[in-house]
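> One structure coming up, written as structure tokens, with questions to follow.
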Amino acid sequence: FEQAASVPVAFVTAYYALVDVAGVRAGESVLVHAAAGGVGMAAVQLARCWGVEVFATASEAKWGVVRGLGVPAERIASSRDVGFEGCFRAVSGGRGVDVVLGSLAGELVDASLRLVRRGGRFVEMGKADVRDAGEVAEVCGVRYRAFDLGEAGPERLGAVLREVVSLFEAGVLELLPVGVGDVRRVGEVFGVMRRARHVGKLVLSVPSVGGVDGGWTVVSGGSGVLGGMVARHLVVGRGVRRVVLLGRRGEEAPGVGELVEELRGVGAEVRVVACDVADREALAGVLSSLGGGVSGVVHAAGVLDDGVVESLSGDRLAGVLAAKVVGAWNLHELTLGYGVRSFVMFSSAAGVLGAAGQANYAAGNTFLDALAAFRRSRGLPGVSIAWGLWAERSTMTEGLDGTDLSRFARMGVVPLRNDDALRLFDAAAESTQSLVLAAELDGPALGAADAGAPVQPVLSGLTGRPVPPRRRTTASAGHEPQSDGAQLPHRLVGLEEGERRRVLLRTVREHAATVLGHGSAASIPAEQGFLDMGFDSLTAVELRNRLNTATGLRLSATLVFDHPDPTRLAEHLGAELTPPDTAVGEEAPSATDTTLRAELDRLEKAMADPAAAPDDATRAMVVTRLQDLLSHWRRSAPNGSSAQNGDAGANGSSDVADDLESAGADDLFSFIDREFGPH
């Protein structure tokens, strides 16, 4: 229906403009403006099939579309400036064109009129800049006419449409590219049209009305726990009367017999088929056996094979993607001819929010999200539900233990109760969006001030904790600079070596306890191995991530295995966080040094804040005071050795000081940007 809707207005308008209004004849030439739009593309096709020479304008990004219609490159120009006038005049040998189909305004109309030979015709379709026909005839010698399609009358429009359809049936015309938008989002569709960001025709789709229509609803993963629950909801809650449950184990899956008996007891026709949706041939056989056709699809099949990225093999990736990606694509392609009215895919929040150890699973689910958008853009139903955790355990989640559930809780994800999940399913199925996130989120947990658990940027609006912009500051050599959230390095400044070791060890034990779901750091022995405590690859990655946030370092994913107990890990962090100008064994910075560094950090942050950009007078004042301060600092230093850090840096520091004393405001701020990097 969406493709059919693209034909009447576009092709009938182009036909009426060329034949009835312009009276174009074979051998003449026509300039079609906006030739990559719906009416423009229709006009180009019609003119070429009648033997009319076509010139065309479009935005440069769409020239390839116009060339694809058979218009030579030398007869294509931009619709954004008057350069097309000189270009087409040269190509036509100075003759210009016989007919213009106009849809522009201002000087572009003037240039188009100059291109029309005397006695030619100018047909105005866009009506953005209508001219006086008598004045145009007197000045340009051109017959000018603006028109509305409705003036043709029903009988003529019907005749034109029949002629257009016959040209399609003869293979002379081709359907236009179609962009489809839900009628409930009509404002967005008109916004795209207003900005001319589309090619071909924009069409509004009307959502399917739920209810019983006699067709089958196919549920992949239907023999599993969640698939069965959804099948029961479709029958009992949504009135579906014919259901096909697809699963690898078919009738041998636990609980399937009871489910089928229950659904048949309320009047539903149910089939259970052992079929892997990744097997295209087997799936095609099942679909062809459904004499009543397919009206709905729920793709709930999935496989988990968690592990850190470094451990993923081709087989481990393929196994997960087969169920998600291959299965979804097979269902998409094999049901295209069935008039499916509902196409729902079970995706996962892992693809939207990310999840430790689920790179393969997240990738597969993100494909489902994209497939739903792809279907919507072509007028097909499609929604991808990125589910959070269900309270009902399925085959995929039955292995979750207390540590896993604690991790979800720290992420602010609460298990969905069955009735809530099914209500979200109904809302998603009727949504105007192609992707929805269906989860229960714990606002206080999301907003908890836990430096080891950074807020997901996509959820920051729900927490009241805006994600701070990343900025560059001091970091250990060879590592990523720390972010504003990294508090540990600041806490270590000025501490004696013994206290420094205690702080580092306490930090490691606290984060390890959190990851394992323990109540306090006291439950983590300093000398016990992480593996003996129950750490695996996923919890090891979470501990690494938390320590990354706390320290500002970029630590290895194998951190826990390389430094296998809290004491050795704390020693490693201590070595990494040793300031570049303080070798191991040297005295830590004094309290005065710490205060000065903190003040310099504060000043640097204030001067780098783009929201506090000073006016020229303020900048000049800041420069003068910094120059005076630096001069005083150098004069008061013992033996004139201010700002020197050993022999190698002395001359360089002095040169910098001299440069700063003579610098202007712009020079000084350029120096700060260059030395401290972008903020």
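The values are calculated or read from the model by the stated rules, or taken from the named source; none is laboratory data. Please read all numbers here as calculations on a predicted model, not as lab measurements. As a convention, Cβ positions derive from the backbone with ideal geometry for all residues, glycine included, and neighbour counts pool all protein chains shown. With ligands, DNA and RNA removed, areas are computed over all heavy atoms of the protein, side chains included. Shrake-Rupley method; radii C 1.70, N 1.55, O 1.52, S 1.80 Å.
> I'm trying to understand the selection: among the residues of segment 1-38, which are in a strand (DSSP E or B) and either within 24 Å of ALA196 (Cβ to Cβ) or acidic (Asp, Glu) (or both)? It would help to see each step written out before you state the result.
Here is the first cut: in segment 1-38, the ones in a strand (DSSP E or B) are 29-32, 37.
Within segment 1-38, VAL30, LEU31, VAL32, GLY37 meet the criteria.
> Going through LEU226, LEU202 one at a time, which residue ends up being within 28 Å of the chain's Cα centre (by Cα) and within 30 Å of LEU104 (Cβ to Cβ)? Break it down into steps so the answer makes sense when it comes.
Values: LEU226 fails: within 30 Å of LEU104 (Cβ to Cβ).
Matching residue, one of LEU226, LEU202: LEU202.
> Would you be able to say whether some residue in segment 86-109 is of a type in the set (Ser, Thr, Tyr), free of Cβ contacts under 8 Å to residues at least 60 places away in the same chain and surrounded by 14 or more Cβ atoms within 10 Å (Cβ to Cβ)? Can you show your working first?
Here is the first cut: in segment 86-109, the residues of a type in the set (Ser, Thr, Tyr) are 92, 103.
Next cut, free of Cβ contacts under 8 Å to residues at least 60 places away in the same chain only: none.
Scanning segment 86-109, I find no residue that is of a type in the set (Ser, Thr, Tyr), free of Cβ contacts under 8 Å to residues at least 60 places away in the same chain and surrounded by 14 or more Cβ atoms within 10 Å (Cβ to Cβ), so the answer is no.
> Can you name every residue in segment 515-547 that is modelled with pLDDT of 85 or more, of a type outside the set (Lys, Arg) and surrounded by 20 or more Cβ atoms within 10 Å (Cβ to Cβ)?
Once the filter is applied, which keeps residues that are modelled with pLDDT of 85 or more, of a type outside the set (Lys, Arg) and surrounded by 20 or more Cβ atoms within 10 Å (Cβ to Cβ), segment 515-547 yields ILE524, PHE530, LEU543, LEU547.
> If you scan segment 490-514, which residues turn out to be open to solvent by 20 Å² or more (accessible area, probe 1.4 Å) and more than 14 Å from GLU571 (Cβ to Cβ)?
Taking segment 490-514 as the starting set, the residues that turn out to be open to solvent by 20 Å² or more (accessible area, probe 1.4 Å) are 490-491, 493-502, 505-506, 509-511, 514.
Matches in segment 490-514: HIS490, ARG491, VAL493, GLY494, LEU495, GLU496, GLU499, GLU510, HIS511, THR514.
> Within segment 16-33, which residues are open to solvent by 30 Å² or more (accessible area, probe 1.4 Å) and out of contact with any Gly (no Cβ under 9 Å at 6 or more places or on another chain)?
If we filter segment 16-33 for residues that are open to solvent by 30 Å² or more (accessible area, probe 1.4 Å), which is where we start, we get 19-20, 25-27.
Answer for segment 16-33, where residues must be open to solvent by 30 Å² or more (accessible area, probe 1.4 Å) and out of contact with any Gly (no Cβ under 9 Å at 6 or more places or on another chain): VAL19, ASP20.
> Related question: Can you tell me how many residues within segment 300-356 are modelled with pLDDT of 85 or more, surrounded by 23 or more Cβ atoms within 10 Å (Cβ to Cβ) and part of a loop (DSSP other than H, G, I, E, B)?
3
> While we're looking at this one, here's another question. Name the strands (runs of 3 or more DSSP E) wholly inside segment 39-116 in which the number of residues that are in contact with an Asp or Glu (Cβ under 8 Å, 6 or more places away or on another chain), more than 24 Å from LEU175 (Cβ to Cβ) and at pLDDT 95 or above is 2 or more. Steps first, please.
Numbers: elements: 53-58, 76-78, 97-102.
Answer list for segment 39-116: 97-102.
> Would you confirm, using the coordinates I've provided, whether GLY292 is part of a loop (DSSP other than H, G, I, E, B) and either at pLDDT 90 or above or open to solvent by 20 Å² or more (accessible area, probe 1.4 Å) (or both)? Lay out the reasoning, then the answer.
Values: part of a loop (DSSP other than H, G, I, E, B): yes; either at pLDDT 90 or above or open to solvent by 20 Å² or more (accessible area, probe 1.4 Å) (or both): yes.
The answer is yes for GLY292.
> Taking the criterion of being under 30 Å from ALA282 (Cβ atoms) and either of a type outside the set (Phe, Trp, Tyr) or in a loop (DSSP other than H, G, I, E, B) (or both), would at least one residue in segment 189-211 satisfy it? Break it down into steps so the answer makes sense when it comes.
Initially, segment 189-211 is screened for residues under 30 Å from ALA282 (Cβ atoms), giving 208, 210.
Checking the rest, the ones that are also either of a type outside the set (Phe, Trp, Tyr) or in a loop (DSSP other than H, G, I, E, B) (or both) come to 208, 210.
Within segment 189-211 (the criterion being under 30 Å from ALA282 (Cβ atoms) and either of a type outside the set (Phe, Trp, Tyr) or in a loop (DSSP other than H, G, I, E, B) (or both)), the answer is yes, since at least one residue qualifies.
> Residues ARG121, ARG195: which one is of a type outside the set (Phe, Trp, Tyr) and within 19 Å of VAL19 (Cα to Cα)?
Details: ARG195 fails: within 19 Å of VAL19 (Cα to Cα).
Just a single option satisfies the conditions, and that option is ARG121.
> Could you tell me whether ARG417 is modelled with pLDDT of 85 or more, surrounded by fewer than 20 Cβ atoms within 10 Å (Cβ to Cβ) and basic (Lys, Arg)?
Working: modelled with pLDDT of 85 or more: yes; surrounded by fewer than 20 Cβ atoms within 10 Å (Cβ to Cβ): yes; basic (Lys, Arg): yes.
So ARG417 passes the test.
> Quick one: which of GLY187, GLY141, GLY158, GLY181 is more than 16 Å from ALA42 (Cβ to Cβ), open to solvent by less than 60 Å² (accessible area, probe 1.4 Å) and at pLDDT 95 or above?
Numbers: GLY187 fails: at pLDDT 95 or above; GLY141 fails: at pLDDT 95 or above; GLY181 fails: at pLDDT 95 or above.
After ruling out the rest, the residue left standing is GLY158.
> So, ARG635, is that one modelled with pLDDT under 75 and either aromatic (Phe, Trp, Tyr) or loosely packed, with under 11 Cβ neighbours inside 10 Å (or both) or not? Write out each step before concluding.
Numbers: modelled with pLDDT under 75: yes; either aromatic (Phe, Trp, Tyr) or loosely packed, with under 11 Cβ neighbours inside 10 Å (or both): yes.
Taking the combined requirement at face value, the residue satisfies it.
> Under the condition of being open to solvent by less than 20 Å² (accessible area, probe 1.4 Å) and touching a helix residue (DSSP H, G or I) at 6+ places or on another chain (Cβ under 6 Å), which residue from segment 224-237 is farthest from VAL260 (Cα to Cα)?
VAL235
> Specify which of the listed residues (ALA36, ALA42) is within 24 Å of GLU155 (Cα to Cα), within 37 Å of the chain's Cα centre (by Cα) and open to solvent by less than 40 Å² (accessible area, probe 1.4 Å). Give the steps one after another, and end with the answer.
Details: ALA36 fails: within 24 Å of GLU155 (Cα to Cα).
Unique residue meeting the criteria: ALA42.
> When you go through VAL272, VAL240 one by one, which is the residue that is in contact with a helix residue (DSSP H, G or I) (Cβ under 7 Å, 6 or more places away or on another chain) and assigned to a strand (DSSP E or B)?
Details: VAL240 fails: assigned to a strand (DSSP E or B).
Step by step, each of VAL272, VAL240 is checked, and only VAL272 is in contact with a helix residue (DSSP H, G or I) (Cβ under 7 Å, 6 or more places away or on another chain) and assigned to a strand (DSSP E or B).
> Only one residue in SER288, SER313 is more than 32 Å from the chain's Cα centre (by Cα) and without any contact (Cβ under 8 Å) to a residue 40 or more places away in the chain. Which one? Give the steps one after another, and end with the answer.
Values: SER313 fails: more than 32 Å from the chain's Cα centre (by Cα).
Just one listed residue meets the conditions, SER288.
> Criterion first (touching a helix residue (DSSP H, G or I) at 6+ places or on another chain (Cβ under 9 Å), surrounded by fewer than 20 Cβ atoms within 10 Å (Cβ to Cβ), closer than 19 Å to ARG491 by Cβ and touching a residue at least 60 places away in the same chain (Cβ under 8 Å)) does GLU571 satisfy it? Steps first, answer last, please.
Working: touching a helix residue (DSSP H, G or I) at 6+ places or on another chain (Cβ under 9 Å): yes; surrounded by fewer than 20 Cβ atoms within 10 Å (Cβ to Cβ): yes; closer than 19 Å to ARG491 by Cβ: yes; touching a residue at least 60 places away in the same chain (Cβ under 8 Å): yes.
The answer is yes for GLU571.
> Checking CYS275 against (1) within 22 Å of ALA429 (Cβ to Cβ); (2) open to solvent by less than 30 Å² (accessible area, probe 1.4 Å), only one condition comes out false. Which one?
(1)
> Quick check on my filter: what residues within segment 205-223 are at pLDDT 90 or above and open to solvent by 40 Å² or more (accessible area, probe 1.4 Å)?
Those that are at pLDDT 90 or above and open to solvent by 40 Å² or more (accessible area, probe 1.4 Å): none in segment 205-223.
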